[in-house]
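Chemist: The structure is given below, and queries will be raised subsequently.
Every read-out reported here was derived from the displayed coordinates using simple, explicitly stated rules and does not represent laboratory data. This is a predicted model, so every value here is computed, not measured. For neighbour counting, all protein chains shown are included, and Cβ atoms are generated from backbone atoms with ideal geometry for every residue, glycine included.
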Amino acid sequence: MPSDFKENGFFVAIGALVVLVVIGQSLFFLVKASKRAKELGIEKTTIKNTIVSSALFTIAPALAIVATIIALSNALGLVLPWIRLSVIGNISQETSAASAALEVVGGSLSGKVTDEYSFALITWVMTLGSSLPLIIIPIFLKKLQKGIKTAASKTDSKLVDALSAAAFIGLIAAFVSRAIIGQGTAGDNPLYGKSFGDGAGIMSVLTLISAVAVMLILEKIAAKFKLKWLETFAMPISMFAAMGVAILISVALPENIAYLEWRG
Amino acid sequence: MKAGSKSEKTYIEKMHTYGRIWMLLALFVISSVPVLFSAYLQQWPALADVAKGLAKVAPLFYATAVIEVIAYTPILGTGGMYLSFVTGNISNLKLPCALSAMEAAKVKSTSEEGEVISTISIAVSSIVTTLIIALCVIVFKPILPYITSEDSVFAPAFKQVLPALFGALGASYFSKHWKISILPVLLLCIMLIFAGTIPSGTLLPIGVVIALVWAYVLYKKKWI
């Protein structure tokens, strides 16, 4: 590891600094919001439940991010993917930025990056490609909120509620429909090649159905027996249960059925 | 009541001030990463090369950034916006996490209770994510490949994180607002039949617009 120019103490120190800023901001906001929650009369248990269930909810998606870092580390070393995936951006954005930068110098993410020039170029393209929100939010967020508030105050509250629910539903529908019938995009993914398999198929549909079923059952049980804690944890429990089903399917069903994708 | 609304204004106002300071600090630190890397390696990429690389991704990234900022503002609230855009992974983690927290606490995203619950949830999620990533990278490096590699027993579970996550979230929302939900899911599925590779990033704004228009129609027809 020390002989590799992509991983050294100096870079790790920079990474640690970035992580410190992220955690510092999160802690600061957590304290401010918790104080305000108390002032608003929100119950202590509600705050506590929010903290615990959010932490649980985060574990699986965070491990999926770690998996991307590991995959990227083959080409880029561990430090750069670690820094980049701890801030802004997301899995697909960082991957495509890195591969776009490499194409300029005629490389690709499927091999190790061996020259320092390409590596420096990648850090620049990844950073400049993703930083725009940090400039537009400080400038425009307040104005944007004002505009939305003015529009909402002139509108029937029933419509405002329906529209805000609709915005969530639209977001969720995008991911749900991809899991039902979407075609894999990983075929052109420089990182995973054709074998990645992110198209909809037996696995994604059964996982989706299990998540829906477990969630509905848990909600019913929580309502019937008035279990407040279950209400709070129904979401992370359903998610883990559905991921467990995915593992079960891969172990129990023959490979050609378990990994069948409708359209590849 | 009057005092409450006055202090609400002060809280949100304060969050804007704090948020701007933190976000600009984060921007400074994040932007210094390529500078420091280049200085250490003594490799300064040619402007033309950076521009060429950016030209391939920036138009899409910048357009997405603008759309995301507009779409997430009413959902995530003031604190949530300043925090989640610094820490990233919004649509696949922070947003569903905040939605789930607000749903469980039975608060509306438009209320100040929703604002604080969303901020608490995103703050916790950011801390946990950052710690998990740092811990895994530093401490568990040797055993990680066994968990996350392609042939690990857990691999199918990690590939199905999104269906599992949005299935659980969808069950809750769709069952409560099934009239609003039917059309967006149906239309997006039909769209995917014809253009299967549309990525989630593009599908997202399309889904939101369809759902908003459909909810408006339902409201006008007095069906909801």
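Chemist: Build a GNM of chain A with springs between Cα atoms under 10 Å: which of A:105, A:205, A:214 gets the top mean-square fluctuation?
Modeler: Checking each option, the largest mean-square fluctuation is seen for A:105.
Chemist: Further question on the same structure: What percent do you get for the relative contact order of chain B when only Cα pairs under 8 Å and 6+ apart count?
Modeler: Relative contact order here is 15 percent.
Chemist: For residue B:149 and residue A:150, what is the calculated FRET efficiency with R₀ set at 51 Å and r taken between the beta-carbons, to the nearest 0.05?
Modeler: According to the calculation, E is roughly 0.45.
Chemist: Kindly state, to the nearest 0.05, the FRET efficiency for residue A:105 paired with residue B:67, given R0 = 30 Å and r defined as their beta-carbon distance.
Modeler: 0.45
Chemist: Tell me, what is a quarter of the convex hull surface for the C-alpha atoms of the stretch B:177-224, in nm² with one decimal?
Modeler: Taking the Cα atoms of the stretch B:177-224, their convex hull projects to 3.2 nm² on average.
Chemist: If each of residue A:17 and residue A:255 carries a label point 7 Å out from its Cα toward its Cβ, how far apart are those two points in nm?
Modeler: That separation, rounded to one decimal, is 4.8 nm.
Chemist: For the stretch A:156-264, what number of Lys pairs, 8 or more residues apart or on separate chains, have alpha-carbon atoms under 30 Å from each other?
Modeler: 5
Chemist: Treating each Cα of chain B as an identical point scatterer and ignoring solvent, apply the Debye formula and state log10 I(q)/I(0) at q = 0.11, 0.12, 0.17 Å⁻¹.
Modeler: -0.78, -0.93, -1.50
Chemist: While we're on this one: So for the stretch A:80-146, averaging the separation of alpha carbon pairs under 8 Å that are six or more residues apart and normalising by length, what relative contact order in percent results?
Modeler: That works out to 33 percent.
Chemist: A further question follows. Rounded to the nearest 500, what is chain A's calculated 222 nm mean residue ellipticity when only DSSP H runs of at least 4 contribute -39500 (n - 2.57) each, over all residues?
Modeler: -26000 deg cm²/dmol
Chemist: In addition: Does the stretch B:45-160 classify as rounded, prolate or oblate by the C-alpha gyration tensor (a ≥ b ≥ c root eigenvalues; a/c under 1.5 gives rounded; else a/b over b/c gives prolate, otherwise oblate)?
Modeler: In terms of gyration-tensor shape, oblate.
Chemist: Would you list, by chain and number, the aspartates and glutamates whose Cα falls below 15 Å from the Cα of residue B:159, excluding same-chain residues fewer than 8 positions away?
Modeler: Cα-Cα hits under 15 Å: A:198, A:261, B:150, B:151.
Chemist: Please pull out the direction-averaged projected area of chain A, using the convex hull of its alpha-carbon atoms, in nm² to one decimal place.
Modeler: Orientation-averaged projected area of the Cα hull: 18.8 nm².
Chemist: Also: List, in the order given, every pair from A:38/B:176; A:35/A:146; A:154/B:221 whose Cα-Cα distance in the structure shown is over 21 Å.
Modeler: Flagged as over cut-off: A:38/B:176; A:35/A:146.
Chemist: Using only DSSP helix segments of four residues or longer, with each worth -39500 (n - 2.57), what per-residue ellipticity at 222 nm results for chain B after dividing by its residue count and rounding to 500?
Modeler: -28000 deg cm²/dmol
Chemist: Right, something else. With the cut-off at 15 Å, report for the stretch B:102-183 the share of all Cα pairs above it, as a whole percent.
Modeler: Tail of P(r) above 15 Å: 74 percent of Cα pairs.
Chemist: Still on this structure, please answer the following. Please compute the contact order of chain A in relative form: average sequence separation of alpha-carbon pairs under 8 Å and at least six residues apart, divided by the residue count, as a percent.
Modeler: Computed over chain A, the figure is 16 percent.
Chemist: Take each uninterrupted DSSP H stretch in chain A, measure its Cα extent along the helix axis, and return the ones at 15 Å or beyond whose mean Kyte-Doolittle hydropathy is at least 0.5.
Modeler: A:9-39, A:44-76, A:116-130, A:132-153, A:157-181, A:202-224, A:228-252
Chemist: Taking amide hydrogens as modeled 1.01 Å from N in the peptide plane, which residues meet the under 5 Å criterion relative to residue A:201, leaving out close sequence neighbours?
Modeler: Distant-sequence amide H within range of residue A:201: A:262.
Chemist: Per residue and in cubic angstrom, what volume does the convex hull of the Cα atoms of the stretch A:156-264 have?
Modeler: Dividing the Cα hull volume of the stretch A:156-264 by its residue count gives 138 Å³.
Chemist: Test of understanding: in a Gaussian network model of chain B with alpha carbons linked when under 10 Å, which of B:124, B:185, B:29 would top the mean-square fluctuation ranking?
Modeler: Result for chain B, Cα springs under 10 Å: B:29 fluctuates most.
Chemist: Taking the alpha-carbon set of the protein assembly as shown, what are its Rg and Dmax in Å?
Modeler: 21.9, 69
Chemist: So between residue A:161 and residue A:38, what do we pick up on full extension, going 0.36 nm a residue minus the alpha carbon distance?
Modeler: Contour length minus the Cα-Cα distance gives 41.7 nm.
Chemist: Top mean-square fluctuation among B:178, B:22, B:44, Gaussian network model of chain B, C-alpha springs under 10 Å?
Modeler: B:44
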